[in-house]
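Peer 1: First, the structure itself, so that you have it in front of you.
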Amino acid sequence: MPGVDAARPGATVTRLALASLTTLRVGGEAEVWTCEADADVRDATRADFRVLGGGSNLLVGDGGVPERVVRLGRDYAGARTLDATGDAWLGAAVPLPGLVRRARQLGLSGLEGVLGIPAQLGGAIVMNAGTRFGEIGDTLQEVELMLDGRVERVAAADLGLGYRRSALPPGAVVLRARLRLTPSTPERVARAEAAVDAARRGQPKARSAGCAFKNPPGDAAGRLIDAAGLKGLRVGGAMIAHEHANFVVNLGDATATDVTLLLERVRAAVAAPLDLEWRRWGLPGGEAAARGWGGVPADARTATDVG
Ligand code: FAD
Ligand code: EPU
């Protein structure tokens, strides 16, 4: 008998505008491989690739992405394995907002600090997403990675997690993660979440990719950009948000070129060096190419995305 694998449909491959898969809603096309099983991920990662999570920390070039873009599908997105014990393996495509909600309903503490972050679990781990109230790394025990065609387990302590950073091996795809949450009560979790919600209330609701820059030690990028008088600064459809100066919002028709030019203006106006928090992918298109903004090396597979 040929076995179950022969009947397995394999990854779904579609050409898509990455604008439709990112929260900033800019970026050109790529070949998107949606994987429903580890074997699909193994196949998809045989050529140069990038991994897409929730697309909430990405600036994708208008010219698109030449590498395969690997996404984890529905089979990696279920949060039901999280039960009252608080110790669970979860697929890397689980959306963080639903996971935070489920933890609260089960009376489990540990994810309050990541309330309001529109990531998938895998992307949250790679960025060690969080707030001053807590990071995803606080609850992370271990991950399962696809690395060079093999599934490997790595302890959280070996992932190099820090402020908005990790040091996963180049070319690794997070498939699953084991979190350990602490039994508490829904009421106490909700009270802790209220403080996080209050801290986030001033953030813009318009399309964005969250904070553009990391905070420099001892200061806040938003404060620096605000102090430089840049709120409301606009290039095409991209604008420094009035609500919070470290957010670039897409007014509706922004291109990656608009956003890139806006970031350049910010960096030119703020004396302190600002490190981009976003990951930048792909090729410049149109005007950006004409201006010689090559800037984004094809670093997939062998290097991390450029900041
Ligand atoms: P993506 O943006 O898709 O990818 C980010 C990086 O992770 C890329 O390098 C990608 O290749 C890699 N990656 C994704 N999934 C995998 C995987 N399974 N395996 C290997 N690599 C992978 N961030 C914070 O830290 N704190 C906040 O408070 C916060 N608030 C935000 C608010 C808004 C409104 C928005 C839009 C964003 C905010 N962010 C915040 C930024 C963003 O949500 C985080 O950086 C998040 O961790 C990105 O996760 P993602 O799944 O969207 O990853
Ligand atoms: N500030 C200004 N003007 C602004 C924005 C901020 O003066 O336009 C000042 C505030 O008054 C405050 C300081 O800057 O004194 C810090 O501001 P805030 O409390 O809003 O926090 P932040 O440091 O700007 C960080 C994270 C956010 C996270 C919030 C909530 C970074 C880069 N940003 O913002 O994370 O949601 O705390 O805890 O670390 C993200 O990483 O994408 C992100 C949104």
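The values are calculated or read from the model by the stated rules, or taken from the named source; none is laboratory data. Bear in mind that the values here come from a model prediction, so they are computed numbers and not experimental data. Because the Cβ atoms are built from the backbone with ideal geometry, glycine has one as well, and the counts that use them run over all protein chains shown. With ligands, DNA and RNA removed, areas are computed over all heavy atoms of the protein, side chains included. Shrake-Rupley method; radii C 1.70, N 1.55, O 1.52, S 1.80 Å.
Peer 1: Across region 116-167, what is the number of residues that are closer than 15 Å to Asn57 by Cα, in a helix (DSSP H, G or I) and within 16 Å of ligand 2 (Cβ to nearest atom)? Steps first, please.
Peer 2: Here is the first cut: in region 116-167, the residues closer than 15 Å to Asn57 by Cα are 116-131, 163-166.
Then drop every residue that is not in a helix (DSSP H, G or I), which leaves 121-127.
Next cut, within 16 Å of ligand 2 (Cβ to nearest atom) only: 123-127.
Result for region 116-167: 5.
Peer 1: Lys231: of a type outside the set (A, V, I, L, M) and either within 12 Å of ligand 2 (Cβ to nearest atom) or open to solvent by less than 60 Å² (accessible area, probe 1.4 Å) (or both), yes or no?
Peer 2: Numbers: of a type outside the set (A, V, I, L, M): yes; either within 12 Å of ligand 2 (Cβ to nearest atom) or open to solvent by less than 60 Å² (accessible area, probe 1.4 Å) (or both): yes.
Yes.
Peer 1: Quick check on my filter: what residues within region 234-244 are under 24 Å from Tyr163 (Cα atoms), open to solvent by 20 Å² or more (accessible area, probe 1.4 Å) and out of contact with any helix residue (DSSP H, G or I) (no Cβ under 9 Å at 6 or more places or on another chain)? Don't jump to the end; show me each part of the working.
Peer 2: Within region 234-244, the first condition is being under 24 Å from Tyr163 (Cα atoms), and the residues that meet it are 240-241, 243-244.
Then drop every residue that is not open to solvent by 20 Å² or more (accessible area, probe 1.4 Å), which leaves 243-244.
Across region 234-244, the qualifying residue is only Glu243.
Every residue, every condition in (1) more than 30 Å from Ala47 (Cα to Cα); (2) among the β-branched types (Val, Ile, Thr); (3) open to solvent by 40 Å² or more (accessible area, probe 1.4 Å); (4) touching a Leu at 6+ places or on another chain (Cβ under 7 Å), yes or no:
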site: Arg164; (1), (2), (3), (4): no, no, yes, no
site: Ala167; (1), (2), (3), (4): no, no, yes, yes
site: Gly171; (1), (2), (3), (4): no, no, no, yes
site: Arg176; (1), (2), (3), (4): no, no, yes, yes
site: Thr185; (1), (2), (3), (4): yes, yes, yes, no
site: Glu193; (1), (2), (3), (4): yes, no, no, yes
site: Ala199; (1), (2), (3), (4): yes, no, yes, no
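Peer 1: Just to be sure I understand, how many residues within region 201-219 are out of contact with any strand residue (DSSP E or B) (no Cβ under 9 Å at 6 or more places or on another chain) and open to solvent by less than 40 Å² (accessible area, probe 1.4 Å)?
Peer 2: Number of matching residues: 1.
Peer 1: Residues Leu58, Leu96: which one is open to solvent by less than 10 Å² (accessible area, probe 1.4 Å) and within 16 Å of ligand 2 (Cβ to nearest atom)?
Peer 2: Numbers: Leu58 fails: open to solvent by less than 10 Å² (accessible area, probe 1.4 Å).
On inspection, the qualifying residue turns out to be Leu96.
Peer 1: All but one of (1) within 14 Å of ligand 1 (Cβ to nearest atom); (2) open to solvent by 50 Å² or more (accessible area, probe 1.4 Å) hold for Phe247, so report the exception by its number.
Peer 2: Checking Phe247 against (1) within 14 Å of ligand 1 (Cβ to nearest atom); (2) open to solvent by 50 Å² or more (accessible area, probe 1.4 Å), the one that fails is (2).
Peer 1: The conditions are (1) within 16 Å of the chain's Cα centre (by Cα); (2) closer than 15 Å to Ile125 by Cα, and Leu90 fails exactly one of them. Which is it?
Peer 2: Tallying (1) within 16 Å of the chain's Cα centre (by Cα); (2) closer than 15 Å to Ile125 by Cα, Leu90 fails exactly one: (1).
Peer 1: Hey, any hits in region 110-131 for a residue that's more than 12 Å from ligand 1 (Cβ to nearest atom), closer than 24 Å to Ser184 by Cβ, modelled with pLDDT of 95 or more and of a type in the set (Gly, Ala, Ser)?
Peer 2: Checking region 110-131: at least one residue is more than 12 Å from ligand 1 (Cβ to nearest atom), closer than 24 Å to Ser184 by Cβ, modelled with pLDDT of 95 or more and of a type in the set (Gly, Ala, Ser).
Peer 1: Right, something else. Go through region 1-98 and tell me which strands (runs of 3 or more DSSP E), entirely inside it, have 1 or more residues that are hydroxyl-bearing (Ser, Thr, Tyr). It would help to see each step written out before you state the result.
Peer 2: On the way: elements: 12-17, 29-35, 49-52, 58-60, 68-72, 87-91.
Ranges flagged: 12-17, 29-35.
Peer 1: Inside region 188-209, can you point out the residues that are closer than 19 Å to Ile117 by Cα, assigned to a helix (DSSP H, G or I) and touching a residue at least 12 places away in the same chain (Cβ under 8 Å)? I'd like the intermediate steps shown before the answer.
Peer 2: Of all residues in region 188-209, those closer than 19 Å to Ile117 by Cα come to 189-209.
Okay, now just the ones that are also assigned to a helix (DSSP H, G or I), so 189-200.
Within region 188-209, Val189, Ala190, Ala192, Glu193, Ala195, Val196, Asp197, Ala199, Arg200 meet the criteria.
Peer 1: Can you name the residue in region 171-187 that is outside any strand (DSSP E or B) and not hydrophobic (A, V, I, L, M, F, W, C) and, of all such residues, is nearest to the chain's Cα centre (by Cα)? Give the derivation first.
Peer 2: Keep residues of region 171-187 that are outside any strand (DSSP E or B), which gives 171-172, 181, 184-187.
Among the residues that remain, those that are also not hydrophobic (A, V, I, L, M, F, W, C) are: 171, 184-187.
Values: Gly171: 16, Ser184: 28, Thr185: 29, Pro186: 27, Glu187: 29 Å.
Top of the filtered list is Gly171.
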